[in-house]
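Q: Pasting a structure here, questions to come.
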Amino acid sequence: MNDPAALRAKFRADFMQRLFAIAISIGIATTLVRMDWIIQGRWPDLPEWEELCILLTGIVLTVSSWDGYLLSIAAKPLRNWLRFAIDIFLVLTYLFFLLTAVHKNFFLTTVMVIFWVYVLWDIVSFLERRRSYLVPSGAVAADLYRVYWKGARDAPKVKRGPIITLVWAGYFTVLWTQSIPMNHAQLFANCIFCVAGLVAYRLDKDRPATDLPLAGQKVGAGWVTGFQMFDRVLLASFLICCACYVHSVLQP
(Lines give C-alpha, C1' and ligand atoms only; values in the text may rest on other atoms or scores of the structure.)
Protein backbone atom coordinates (compact mmCIF):
# COMPACT_ATOMS: atom_id res chain seq x y z
CA MET A 1 0.00 0.00 0.00
CA ASN A 2 1.93 3.03 -1.29
CA ASP A 3 -0.94 5.51 -1.56
CA PRO A 4 -0.24 8.20 1.09
CA ALA A 5 -3.96 9.05 1.41
CA ALA A 6 -4.88 5.41 1.99
CA LEU A 7 -2.09 5.01 4.54
CA ARG A 8 -3.21 8.15 6.34
CA ALA A 9 -6.80 6.87 6.45
CA LYS A 10 -5.59 3.55 7.86
CA PHE A 11 -3.51 5.25 10.56
CA ARG A 12 -6.44 7.45 11.49
CA ALA A 13 -8.78 4.45 11.73
CA ASP A 14 -6.28 2.67 14.01
CA PHE A 15 -6.00 5.77 16.17
CA MET A 16 -9.78 6.09 16.48
CA GLN A 17 -10.15 2.45 17.53
CA ARG A 18 -7.55 2.94 20.25
CA LEU A 19 -9.16 6.21 21.35
CA PHE A 20 -12.55 4.50 21.59
CA ALA A 21 -11.08 1.79 23.81
CA ILE A 22 -9.34 4.35 26.02
CA ALA A 23 -12.49 6.45 26.38
CA ILE A 24 -14.60 3.45 27.39
CA SER A 25 -12.08 2.02 29.85
CA ILE A 26 -11.12 5.33 31.48
CA GLY A 27 -14.68 6.67 31.53
CA ILE A 28 -16.23 3.60 33.15
CA ALA A 29 -13.39 2.83 35.55
CA THR A 30 -12.96 6.42 36.73
CA THR A 31 -16.67 6.88 37.37
CA LEU A 32 -17.03 3.59 39.23
CA VAL A 33 -14.08 4.19 41.57
CA ARG A 34 -15.53 7.58 42.51
CA MET A 35 -18.81 6.03 43.71
CA ASP A 36 -18.98 5.89 47.51
CA TRP A 37 -21.07 2.72 47.65
CA ILE A 38 -18.28 0.76 45.92
CA ILE A 39 -15.61 2.21 48.22
CA GLN A 40 -17.69 1.54 51.35
CA GLY A 41 -18.94 -1.89 50.25
CA ARG A 42 -22.67 -1.24 50.60
CA TRP A 43 -25.78 -1.08 48.43
CA PRO A 44 -26.19 2.21 46.57
CA ASP A 45 -28.68 4.79 47.80
CA LEU A 46 -31.14 6.60 45.51
CA PRO A 47 -28.74 9.27 44.15
CA GLU A 48 -26.18 6.54 43.49
CA TRP A 49 -28.73 4.44 41.63
CA GLU A 50 -29.27 7.53 39.47
CA GLU A 51 -25.55 7.70 38.77
CA LEU A 52 -25.51 4.01 37.84
CA CYS A 53 -28.50 4.44 35.55
CA ILE A 54 -26.83 7.35 33.73
CA LEU A 55 -23.56 5.39 33.49
CA LEU A 56 -25.37 2.41 31.95
CA THR A 57 -27.04 4.77 29.47
CA GLY A 58 -23.62 6.13 28.54
CA ILE A 59 -22.27 2.61 28.08
CA VAL A 60 -25.17 1.76 25.75
CA LEU A 61 -24.54 4.95 23.78
CA THR A 62 -20.79 4.42 23.46
CA VAL A 63 -20.74 0.69 22.79
CA SER A 64 -23.65 0.81 20.32
CA SER A 65 -21.83 3.49 18.33
CA TRP A 66 -18.72 1.30 18.05
CA ASP A 67 -19.99 -1.11 15.37
CA GLY A 68 -21.78 1.59 13.41
CA TYR A 69 -18.72 3.80 13.41
CA LEU A 70 -16.35 1.04 12.28
CA LEU A 71 -18.72 0.13 9.45
CA SER A 72 -18.90 3.79 8.43
CA ILE A 73 -15.17 4.32 8.21
CA ALA A 74 -14.75 0.98 6.43
CA ALA A 75 -17.10 2.24 3.70
CA LYS A 76 -15.82 5.83 3.89
CA PRO A 77 -12.13 5.89 4.97
CA LEU A 78 -10.98 8.86 7.05
CA ARG A 79 -9.27 10.86 4.32
CA ASN A 80 -11.00 14.12 5.19
CA TRP A 81 -9.31 15.97 8.08
CA LEU A 82 -12.57 17.65 9.16
CA ARG A 83 -14.39 14.32 9.53
CA PHE A 84 -11.38 13.01 11.46
CA ALA A 85 -11.56 16.02 13.80
CA ILE A 86 -15.30 15.47 14.31
CA ASP A 87 -14.64 11.83 15.17
CA ILE A 88 -12.09 12.80 17.81
CA PHE A 89 -14.55 15.31 19.27
CA LEU A 90 -17.28 12.65 19.38
CA VAL A 91 -15.13 10.10 21.22
CA LEU A 92 -14.04 12.75 23.73
CA THR A 93 -17.71 13.61 24.20
CA TYR A 94 -18.46 9.94 24.95
CA LEU A 95 -15.69 10.11 27.56
CA PHE A 96 -17.20 13.29 29.00
CA PHE A 97 -20.59 11.56 29.22
CA LEU A 98 -19.14 8.61 31.15
CA LEU A 99 -17.10 10.83 33.48
CA THR A 100 -20.06 13.09 34.32
CA ALA A 101 -22.50 10.29 35.16
CA VAL A 102 -22.47 11.63 38.72
CA HIS A 103 -24.06 14.88 37.49
CA LYS A 104 -27.63 14.20 36.40
CA ASN A 105 -28.11 17.55 34.65
CA PHE A 106 -25.59 16.77 31.89
CA PHE A 107 -26.54 13.47 30.32
CA LEU A 108 -29.49 14.34 28.06
CA THR A 109 -27.79 17.54 26.93
CA THR A 110 -24.71 15.51 26.02
CA VAL A 111 -26.75 12.94 24.07
CA MET A 112 -28.52 15.71 22.16
CA VAL A 113 -25.19 17.37 21.28
CA ILE A 114 -23.77 14.02 20.13
CA PHE A 115 -26.66 13.43 17.75
CA TRP A 116 -26.41 16.88 16.20
CA VAL A 117 -22.69 16.24 15.70
CA TYR A 118 -23.76 13.02 13.93
CA VAL A 119 -25.83 15.23 11.61
CA LEU A 120 -22.77 17.40 10.94
CA TRP A 121 -20.71 14.24 10.30
CA ASP A 122 -23.25 13.14 7.68
CA ILE A 123 -23.05 16.50 5.92
CA VAL A 124 -19.25 16.47 5.86
CA SER A 125 -19.27 12.88 4.62
CA PHE A 126 -21.73 13.83 1.87
CA LEU A 127 -19.55 16.73 0.76
CA GLU A 128 -16.58 14.36 0.59
CA ARG A 129 -18.33 11.43 -1.14
CA ARG A 130 -21.42 12.79 -2.85
CA ARG A 131 -21.65 9.96 -5.38
CA SER A 132 -22.02 7.36 -2.64
CA TYR A 133 -25.28 9.00 -1.51
CA LEU A 134 -27.08 9.62 -4.80
CA VAL A 135 -26.49 10.32 -8.48
CA PRO A 136 -25.20 13.94 -8.54
CA SER A 137 -27.34 16.39 -10.45
CA GLY A 138 -25.19 19.52 -10.30
CA ALA A 139 -25.01 21.96 -7.38
CA VAL A 140 -23.79 20.54 -4.08
CA ALA A 141 -26.43 22.36 -2.02
CA ALA A 142 -29.19 21.07 -4.28
CA ASP A 143 -27.90 17.50 -3.99
CA LEU A 144 -27.67 17.78 -0.20
CA TYR A 145 -31.30 18.92 -0.15
CA ARG A 146 -32.23 15.98 -2.41
CA VAL A 147 -30.55 13.48 -0.06
CA TYR A 148 -32.78 14.62 2.82
CA TRP A 149 -35.91 15.21 0.76
CA LYS A 150 -35.73 11.98 -1.21
CA GLY A 151 -34.68 10.10 1.91
CA ALA A 152 -37.80 11.41 3.65
CA ARG A 153 -39.89 10.18 0.68
CA ASP A 154 -38.25 6.71 0.71
CA ALA A 155 -36.98 7.25 -2.83
CA PRO A 156 -34.89 4.39 -4.26
CA LYS A 157 -31.13 4.64 -4.74
CA VAL A 158 -30.70 7.38 -2.15
CA LYS A 159 -28.78 6.59 1.01
CA ARG A 160 -31.06 7.13 4.02
CA GLY A 161 -28.36 7.56 6.68
CA PRO A 162 -28.65 11.38 6.82
CA ILE A 163 -32.45 11.47 7.20
CA ILE A 164 -32.32 8.67 9.79
CA THR A 165 -29.84 10.65 11.89
CA LEU A 166 -31.80 13.89 11.50
CA VAL A 167 -35.07 12.33 12.72
CA TRP A 168 -33.46 10.75 15.79
CA ALA A 169 -31.54 13.96 16.55
CA GLY A 170 -34.95 15.60 16.66
CA TYR A 171 -36.19 12.87 19.00
CA PHE A 172 -33.36 13.45 21.48
CA THR A 173 -33.84 17.21 21.25
CA VAL A 174 -37.50 16.86 22.28
CA LEU A 175 -36.53 14.36 24.99
CA TRP A 176 -33.97 16.89 26.27
CA THR A 177 -36.78 19.38 26.89
CA GLN A 178 -38.24 16.85 29.35
CA SER A 179 -35.12 17.16 31.53
CA ILE A 180 -35.82 20.72 32.71
CA PRO A 181 -36.53 20.36 35.62
CA MET A 182 -36.18 16.67 36.53
CA ASN A 183 -36.93 14.81 39.76
CA HIS A 184 -35.67 11.34 40.76
CA ALA A 185 -38.45 9.37 39.07
CA GLN A 186 -38.25 11.45 35.90
CA LEU A 187 -34.50 10.84 35.68
CA PHE A 188 -35.01 7.07 35.60
CA ALA A 189 -37.74 7.54 33.00
CA ASN A 190 -35.43 9.70 30.89
CA CYS A 191 -32.74 7.01 31.01
CA ILE A 192 -35.27 4.42 29.81
CA PHE A 193 -36.50 6.58 26.94
CA CYS A 194 -32.94 7.54 26.04
CA VAL A 195 -31.93 3.87 25.78
CA ALA A 196 -35.12 3.13 23.82
CA GLY A 197 -34.22 5.89 21.35
CA LEU A 198 -30.64 4.63 21.04
CA VAL A 199 -31.83 1.08 20.33
CA ALA A 200 -34.40 2.31 17.80
CA TYR A 201 -31.78 4.48 16.09
CA ARG A 202 -29.35 1.58 15.76
CA LEU A 203 -32.06 -0.76 14.45
CA ASP A 204 -32.97 1.91 11.92
CA LYS A 205 -29.34 2.40 10.85
CA ASP A 206 -28.63 -1.34 10.70
CA ARG A 207 -31.63 -2.26 8.56
CA PRO A 208 -30.17 -3.50 5.26
CA ALA A 209 -31.01 -2.04 1.90
CA THR A 210 -34.12 -3.30 0.15
CA ASP A 211 -33.35 -1.45 -3.07
CA LEU A 212 -30.25 -1.64 -5.25
CA PRO A 213 -27.46 0.83 -4.41
CA LEU A 214 -25.73 3.05 -6.91
CA ALA A 215 -23.62 1.59 -9.67
CA GLY A 216 -20.37 0.11 -8.42
CA GLN A 217 -21.57 -0.33 -4.83
CA LYS A 218 -22.45 -3.56 -3.07
CA VAL A 219 -25.43 -4.12 -0.85
CA GLY A 220 -24.11 -4.08 2.69
CA ALA A 221 -21.16 -1.79 1.91
CA GLY A 222 -22.51 0.99 4.08
CA TRP A 223 -25.76 1.02 2.12
CA VAL A 224 -28.86 1.21 4.33
CA THR A 225 -32.45 2.20 3.81
CA GLY A 226 -33.66 1.90 7.41
CA PHE A 227 -37.32 1.90 8.31
CA GLN A 228 -39.90 3.46 6.07
CA MET A 229 -40.14 7.19 6.85
CA PHE A 230 -43.72 6.85 8.13
CA ASP A 231 -42.69 4.04 10.49
CA ARG A 232 -39.63 5.99 11.67
CA VAL A 233 -41.61 9.12 12.48
CA LEU A 234 -44.41 7.06 14.03
CA LEU A 235 -41.97 5.23 16.32
CA ALA A 236 -40.17 8.42 17.37
CA SER A 237 -43.50 10.19 17.96
CA PHE A 238 -44.83 7.25 19.99
CA LEU A 239 -41.77 7.28 22.24
CA ILE A 240 -42.02 11.05 22.67
CA CYS A 241 -45.73 10.84 23.57
CA CYS A 242 -44.95 8.11 26.10
CA ALA A 243 -42.14 10.20 27.59
CA CYS A 244 -44.38 13.28 27.89
CA TYR A 245 -47.14 11.23 29.51
CA VAL A 246 -44.77 9.60 31.99
CA HIS A 247 -43.29 12.98 32.90
CA SER A 248 -46.72 14.44 33.50
CA VAL A 249 -47.62 11.50 35.77
CA LEU A 250 -44.33 11.78 37.68
CA GLN A 251 -44.66 15.50 38.35
CA PRO A 252 -44.35 16.15 42.11
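The values are calculated or read from the model by the stated rules, or taken from the named source; none is laboratory data. Treat the numbers as computed from the prediction; the structure is a model and nothing was measured. Neighbour counts run over all protein chains shown; Cβ positions are idealised from the backbone, glycine included.
Q: Check the range 17-35 and report whether any residue there is of a type in the set (Lys, Arg) and over 27 Å from Ile164 (Cα atoms).
A: Step one: of the range 17-35, the residues of a type in the set (Lys, Arg) are 18, 34.
Remaining after also requiring over 27 Å from Ile164 (Cα atoms): 18, 34.
Yes - at least one qualifying residue is present in the range 17-35.
Q: Could you list, in sequence order, all residues of the range 71-118 that are exposed (fewer than 15 other Cβ atoms within 10 Å of the Cβ) and among the aliphatic types (A, V, I, L, M)?
A: Across the range 71-118, the qualifying residues are Ala74, Leu82, Ala85, Ile88, Leu92.
Q: Next up: Please name all residue pairs, on different chains or six or more residues apart, with Cβ atoms under 6 Å, provided the first residue is in the range 112-133 and is over 25 Å from Ser179 (Cβ atoms) and the second residue is among the aromatic types (Phe, Trp, Tyr) and in a helix (DSSP H, G or I).
A: So the pair list comes out as Tyr133/Phe126.
Q: Tell me, yes or no, whether the range 69-81 has at least one residue that is of a type outside the set (Ser, Thr, Tyr), in a helix (DSSP H, G or I) and modelled with pLDDT of 80 or more. Steps first, answer last, please.
A: So in the range 69-81, the residues of a type outside the set (Ser, Thr, Tyr) come out as 70-71, 73-81.
The next check asks that each one be in a helix (DSSP H, G or I); those that pass are 70-71, 73-75, 81.
Going one step further and asking which of them are modelled with pLDDT of 80 or more, we end up with 81.
Within the range 69-81 (the criterion being of a type outside the set (Ser, Thr, Tyr), in a helix (DSSP H, G or I) and modelled with pLDDT of 80 or more), the answer is yes, since at least one residue qualifies.
Q: Give the range 107-149 a look and list any residue that's out of contact with any Pro (no Cβ under 9 Å at 6 or more places or on another chain), over 24 Å from Thr93 (Cα atoms), among the charged types (D, E, K, R) and assigned to a helix (DSSP H, G or I), or say none.
A: Arg131, Arg146
Q: Cys241 is checked against (1) modelled with pLDDT under 85; (2) surrounded by fewer than 12 Cβ atoms within 10 Å (Cβ to Cβ); (3) of a type outside the set (D, E, K, R) and fails just one. What number does that condition carry?
A: Result: Cys241 passes all but (1).
Q: Checking the conditions here, which among Ala152, Ala196, Ala169 is surrounded by 14 or more Cβ atoms within 10 Å (Cβ to Cβ), over 13 Å from the mean Cα position of the chain (by Cα), among the small types (Gly, Ala, Ser) and modelled with pLDDT of 90 or more?
A: Ala152 is the lone residue from the list that is surrounded by 14 or more Cβ atoms within 10 Å (Cβ to Cβ), over 13 Å from the mean Cα position of the chain (by Cα), among the small types (Gly, Ala, Ser) and modelled with pLDDT of 90 or more.
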